[in-house]
Amino acid sequence: QVQLVESGGGLVQPGGSLRLSCAASGITFNTYAMGWYRQAPGKERELVAVITSGDTTNYADSVKGRFSISRDNAKNTVYLQMNDLKPEDTAVYYCNANRRTWAYWGQGTQVTVSS
């Protein structure tokens, strides 16, 4: 049974930082591309950042220079370090594991950026 469990969300003031974690089980973690997506109220889910099994990273233009994705294959965990957070970063953040025709999602963690 595949499980992706996100943690680390919360309420933060503009300009603050958060680090999200996603712990995976039930998959051969180091063979999967891992990504973070987000969905704000009334908007479609969008890609935030992805890291391939070979550690290549890609980011949405809106978060480049502020967010950083990384993975620890020994811990089956992917991280999203979010700095200089803005109110428009408010959303539910979802972890995704993707390999060929297989794709799995976590339950999401809320990030709210507000003063």
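Tabulated values for the structure
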| read-out | value |
| --- | --- |
| Subset of region 27-52 (residues that are open to solvent by less than 60 Å² (accessible area, probe 1.4 Å) and small (Gly, Ala, Ser)) | ALA33, GLY35, ALA40, ALA49 |
| Selection within region 71-85 - part of a strand (DSSP E or B) and surrounded by 18 or more Cβ atoms within 10 Å (Cβ to Cβ) | ARG71, THR77, VAL78, TYR79, LEU80, MET82 |
| Hits in region 86-115 (condition: under 13 Å from TYR37 (Cα atoms) and open to solvent by 70 Å² or more (accessible area, probe 1.4 Å)) | TRP105, GLN107, GLN110 |
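The values are calculated or read from the model by the stated rules, or taken from the named source; none is laboratory data. All of these numbers come straight from a predicted model, not from anything done at the bench. Cβ coordinates were reconstructed from backbone atoms using ideal geometry, including for glycine residues, and neighbour counts include every protein chain displayed. SASA here: full protein model, heavy atoms, side chains in, ligands and nucleic acids out. Shrake-Rupley method; radii C 1.70, N 1.55, O 1.52, S 1.80 Å.
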